[in-house]
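Novice: Once you've had a glance at the structure underneath, I'll fire off some questions.
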Amino acid sequence: MLHISKHNLLSLLTHASSSWQVFCPSKQGSTVNFGWFEGTVDTVAIPVNSCKGAFLPQTEELFTYRGTPETGLSLTGGFDGQKPVLIFFARPCDARALTLLDRVFLEGEYADDRYRSRRARSVVVTVGCKSPLDTCFCTAFGIGPDSKAGSDVFVYEDETSLYFEPLTEGGAGFVAAHLAYLAEGGTPVSVMEELRRAELPLAGRIWVEGMAEMLDSMFDHPVWEKMSARCRGCGACTYLCPTCYCFSVFDAPRGTHGKRYRSWDSCQFSDFMLMAGGHNPRPTRKERVRQRFMHKFNYGVKRQGDYLCVGCGRCIRACSVGLHAASALFDLKEAGR
Amino acid sequence: MNDLREQLKEAVASAFSQGRVRSFVCLERGFYPFATMPAILHSGSDADRVEIGLADAPLLAKYLLDMPKPAGIVVRSCDALGVSRLIRDRRVKREDLYIISISCPGVVDTAKIPMSMHRITALEKAGDALIVHTALGPTELPWSSVLLDRCLACVSGAASTDADVVLDDGRGKPPAPVDYSEIDEVEHMAPDERYAMWEKEFAKCIRCFACRNACPACSCRKCSLDLPEPEWLSRAVILPEQFMFHFTRAYHVAGRCVGCGECERACPVGLPLMKLNRKFTRDIETLFGVDDARIPRDVEVLGTFLPDDPEEFC
């Protein structure tokens with residue numbers, strides 16, 4: 001298998017960044033975050049955020065408009081083909097999550113041009129998870145430390161080297177373009193074995209089989225009141241979730257010109273469903289918390305054919321009051337039995 | 001510790017049975033072993049759920065806003081300041097509250113325990129150590145190395161909210177000396193360097209509002225930043241808006257911040273928000289000669305005009 005010494009990784013990424021937009025984890029103050037490559041990479045920690053921002057940026061300008069009744073309206077900006085995106089070191093949960101976002105943004109009647117353009121030429125390089133965190137439970141969703149769904153290249157990491165296994169044509173292209181940095185030889189058998197053995201104790205407490213069907217009849221269950229009582233109503237869980245995709249579009253007018261943006265939005269915010277007339281169909285945290293988990297574990301299954309959760313545990317790490325996908329699945333199971 | 005918990009359960013149950021409260025906010029067992037989370041009780045029969053909160057205890061004061069009154073609350077000294085803040089900001093009335101104060105040895109931050117939570121069978125405080133029991137035997141960690149950051153600046157004893165019941169097992173943490181050295185460090189940075197630091201930090205902000213929503217001093221019925229009209233803060237997560245948000249937040253709580261650090265604990269991307277808050281707190285102490293500006297008082301330093309106030313801009 002082709003491999004690279006970890007010492008040479010930065011040179012490879014620096015070279016890659018001339019023809020790719022590299023999205024990778026790096027140390028930012030006290031945390032490790034996914035972001036555009038700026039000369040450093042962290043290959044150890046699992047970042048606090050997901051890599052969805054590479055394809056669905058938190059904020060992006062759609063266009064700038066300018067005009068008066070006399071001059072007429074002109075639009076500038078818009079989306080031009082940028083360098084293809086390289087996700088360097090997704091985790092198996094991240095890669096799988098991208099396939100779920102694809103169903104939302106690429107399939108059906110409303111394919112999203114920008115998402116499609118970024119995603120079409122992207123390469124996702126995923127590293128096997130040798131040390132899952134206390135908060136990891138991907139195996140509850142049929143993913144695992146060595147799952148390859150959604151990846152173009154899979155990487156096995158031992159103490160000194162990274163072994164590259166191309167899985168798709170795009171992945172093979174990426175590897176071929178960096179042969180100068182890679183050496184031939186060896187199969188990381190012990191790493192593969194380690195990945196198979198990696199334990200996720202949390203997954204043993206989580207039960208998802210039949211959850212969607214069970215929730216069909218739980219819309220009015222008192223458990224939502226109990227779960228939401230401690231919710232602080234921030235959007236941390238949704239913004240860090242690799243499968244949450246809601247956004248809103250808004251204008252920033254400045255007299256005779258302005259910009260139109262789109263930005264992530266969160267179903268946990270009080271104004272998410274606020275109507276122009278002042279009516280709010282989800283007036284309290286109970287309705288908002290219910291919406292979040294019903295979307296993940298019921299509506300998503302009906303619309304996209306799968307749970308919209310990959311067990312990455314980011315909401316567990318993000319929530320300051322312990323209200324997250326794992327606790328919800330646990331509480332819902334207790335309530336529904 | 002168990003004794004204190006038994007006393008607390010009894011006190012909560014009797015608050016309900018005596019008709020003193022309709023609801024009660026406390027901690028209960030969290031999803032993770034040894035972690036705790038907020039619980040809002042509606043009956044004395046739920047009192048068995050009450051936990052002291054040895055580890056990962058969120059602060060509770062802000063839940064009082066939405067609870068049926070009269071409402072009960074269990075506070076440790078940091079949380080007591082939050083309750084006091086809400087009372088002085090006229091968001092809750094003292095007569096609508098039933099306050100049980102407990103002594104607190106500090107709260108463990110499980111993220112600072114260098115081993116898998118799933119392998120731990122028990123956590124125990126013994127003197128100046130945390131003993132972590134696992135199947136492979138116990139490990140001893142220095143108590144101060146595993147505490148939440150807020151406990152390192154504990155206001156113990158300074159809590160000014162009068163409690164209805166005080167439960168003290170004599171094992172409470174002594175107050176920590178106030179240490180502003182990290183503020184000094186920021187102040188001594190060159191302006192460009194300091195700006196670059198904040199730029200880097202704010203660039204990480206995902207604008208989830210966890211800091212605002214956790215803060216007992218951020219208790220407006222409707223936050224101006226949530227208003228669709230006028231749009232003070234746009235949804236665009238771009239650097240100028242990040243500065244706008246963070247300075248608005250910090251200035252809004254200046255003079256009212258109780259130093260509990262719950263904003264920083266709630267921040268999912270680890271912004272050092274207390275550096276801003278504590279800078280204001282120290283400035284207030286220095287400029288107005290106030291002793292420990294975290295403690296809410298009847299005459300608010302920034303809410304009162306006195307003829308001899310410093311007027312540095314004149």
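Novice: Looking at the range A:29-39, is at least one residue under 22 Å from A:TYR163 (Cβ atoms), touching a residue at least 60 places away in the same chain (Cβ under 8 Å) and surrounded by 13 or more Cβ atoms within 10 Å (Cβ to Cβ)? Spell out how you get there, then give the answer.
Specialist: Residues of the range A:29-39 under 22 Å from A:TYR163 (Cβ atoms): A:37.
Adding the requirement that they be touching a residue at least 60 places away in the same chain (Cβ under 8 Å) leaves none.
The answer is no, given that none of the residues of the range A:29-39 is under 22 Å from A:TYR163 (Cβ atoms), touching a residue at least 60 places away in the same chain (Cβ under 8 Å) and surrounded by 13 or more Cβ atoms within 10 Å (Cβ to Cβ).
Novice: Here is a further query. When only residues in the range B:1-15 that are under 15 Å from B:ALA39 (Cβ atoms) and touching a residue at least 40 places away in the same chain (Cβ under 8 Å) count, which is surrounded by the fewest Cβ atoms within 10 Å (Cβ to Cβ)? Can you show your working first?
Specialist: As a first pass, look at the range B:1-15 and keep what is under 15 Å from B:ALA39 (Cβ atoms): B:5, B:8-9, B:12-13, B:15.
If we keep only those that are touching a residue at least 40 places away in the same chain (Cβ under 8 Å) too, we end up with B:5, B:8-9, B:12, B:15.
Values: B:ARG5: 17, B:LEU8: 21, B:LYS9: 19, B:VAL12: 25, B:ALA15: 22.
Among those residues, the one meeting the criterion is B:ARG5.
Novice: Looking only at the range B:58-73, which residues are more than 10 Å from chain A (Cβ to nearest Cβ) and either under 15 Å from B:VAL21 (Cβ atoms) or surrounded by fewer than 24 Cβ atoms within 10 Å (Cβ to Cβ) (or both)?
Specialist: B:LEU64, B:LEU65, B:PRO68, B:LYS69, B:PRO70, B:ALA71, B:GLY72, B:ILE73
Novice: Which ones in the range A:290-331 are under 24 Å from A:ASP146 (Cβ atoms) and not in a helix (DSSP H, G or I)? Write out each step before concluding.
Specialist: At the first step, the residues of the range A:290-331 found to be under 24 Å from A:ASP146 (Cβ atoms) are A:305-317, A:325-326, A:329.
The answer is A:GLY305, A:ASP306, A:TYR307, A:LEU308, A:CYS309, A:VAL310, A:GLY311, A:CYS312, A:GLY313.
Novice: Which of the helices (runs of 4 or more DSSP H) contained wholly in the range B:106-214 include at least 1 residues that are of a type in the set (Ser, Thr, Tyr)?
Specialist: Working: elements: B:181-187, B:191-204, B:210-214.
The helices (runs of 4 or more DSSP H) meeting that bar are B:181-187, B:191-204.
Novice: Now for a separate question. Do we have A:ARG96 as assigned to a helix (DSSP H, G or I) and loosely packed, with under 15 Cβ neighbours inside 10 Å here?
Specialist: The answer is no for A:ARG96.
Novice: Among (1) more than 14 Å from chain A (Cβ to nearest Cβ); (2) in contact (Cβ under 8 Å) with a residue 24 or more places away in the chain; (3) of a type in the set (Gly, Ala, Ser), there is one condition B:ALA203 misses while meeting the rest; what is its number?
Specialist: Only one criterion is unmet by B:ALA203, namely (1).
Novice: Next up: Within the range B:237-250, does at least one residue satisfy the condition of being among the polar types (S, T, N, Q) and either in contact (Cβ under 8 Å) with a residue 60 or more places away in the chain or not in a loop (DSSP other than H, G, I, E, B) (or both)?
Specialist: Filtering the range B:237-250 down to residues among the polar types (S, T, N, Q) leaves B:242, B:248.
Adding the requirement that they be either in contact (Cβ under 8 Å) with a residue 60 or more places away in the chain or not in a loop (DSSP other than H, G, I, E, B) (or both) leaves B:242, B:248.
Checked the range B:237-250: at least one residue is among the polar types (S, T, N, Q) and either in contact (Cβ under 8 Å) with a residue 60 or more places away in the chain or not in a loop (DSSP other than H, G, I, E, B) (or both).
Novice: Considering the range A:110-128 alone, what residues qualify as being in contact with a helix residue (DSSP H, G or I) (Cβ under 8 Å, 6 or more places away or on another chain), modelled with pLDDT of 95 or more and either under 30 Å from B:TYR32 (Cα atoms) or in a loop (DSSP other than H, G, I, E, B) (or both)?
Specialist: Of everything in the range A:110-128, those that are in contact with a helix residue (DSSP H, G or I) (Cβ under 8 Å, 6 or more places away or on another chain), modelled with pLDDT of 95 or more and either under 30 Å from B:TYR32 (Cα atoms) or in a loop (DSSP other than H, G, I, E, B) (or both) turn out to be A:SER122, A:THR126, A:GLY128.
Novice: Hey, among A:GLU334, A:GLU287, which residue is farther than 23 Å from A:ALA149 by Cβ, at pLDDT below 95 and either outside any loop (DSSP other than H, G, I, E, B) or within 13 Å of another protein chain (Cβ to nearest Cβ) (or both)?
Specialist: On the way: A:GLU287 fails: at pLDDT below 95.
Being farther than 23 Å from A:ALA149 by Cβ, at pLDDT below 95 and either outside any loop (DSSP other than H, G, I, E, B) or within 13 Å of another protein chain (Cβ to nearest Cβ) (or both) holds for just one of A:GLU334, A:GLU287, which is A:GLU334.
Novice: Would you check which residues across the range A:246-281 are more than 10 Å from every other protein chain (Cβ to nearest Cβ) and assigned to a loop (DSSP other than H, G, I, E, B) and list them?
Specialist: If the condition is that a residue be more than 10 Å from every other protein chain (Cβ to nearest Cβ) and assigned to a loop (DSSP other than H, G, I, E, B), then A:CYS246, A:GLY255, A:THR256, A:CYS267, A:PHE272, A:MET273, A:MET275, A:GLY277, A:GLY278, A:HIS279, A:ASN280, A:PRO281 are the ones that fit.
Novice: Taking the conditions exactly as written (crowded, with 20+ Cβ neighbours inside 10 Å and among the aromatic types (Phe, Trp, Tyr)), does A:TRP224 satisfy them or not? Spell out how you get there, then give the answer.
Specialist: Working: crowded, with 20+ Cβ neighbours inside 10 Å: yes; among the aromatic types (Phe, Trp, Tyr): yes.
Considered against the rule, which asks whether it is crowded, with 20+ Cβ neighbours inside 10 Å and among the aromatic types (Phe, Trp, Tyr), A:TRP224 comes out as yes.
Novice: Keeping to the range B:80-124, report how many residues are within 14 Å of chain A (Cβ to nearest Cβ) and crowded, with 17+ Cβ neighbours inside 10 Å. First the steps, then the outcome.
Specialist: Taking the range B:80-124 first, the residues within 14 Å of chain A (Cβ to nearest Cβ) are B:82, B:107, B:109-121.
From what's left, crowded, with 17+ Cβ neighbours inside 10 Å: B:82, B:107, B:109-110, B:113, B:117, B:120.
Number of matching residues: 7.
Novice: Between B:GLY259, B:GLY255, which is in contact with a Ser or Thr (Cβ under 7 Å, 6 or more places away or on another chain), in contact (Cβ under 8 Å) with a residue 40 or more places away in the chain, under 22 Å from B:LEU65 (Cα atoms) and surrounded by 16 or more Cβ atoms within 10 Å (Cβ to Cβ)?
Specialist: Working: B:GLY255 fails: in contact with a Ser or Thr (Cβ under 7 Å, 6 or more places away or on another chain).
Testing whether each residue is in contact with a Ser or Thr (Cβ under 7 Å, 6 or more places away or on another chain), in contact (Cβ under 8 Å) with a residue 40 or more places away in the chain, under 22 Å from B:LEU65 (Cα atoms) and surrounded by 16 or more Cβ atoms within 10 Å (Cβ to Cβ) leaves just B:GLY259.
The values are calculated or read from the model by the stated rules, or taken from the named source; none is laboratory data. Values in this document were obtained by computation on a predicted structure and should not be read as measured data. Cβ: placed from backbone, ideal geometry, glycine included. Neighbour counts: every protein chain shown.
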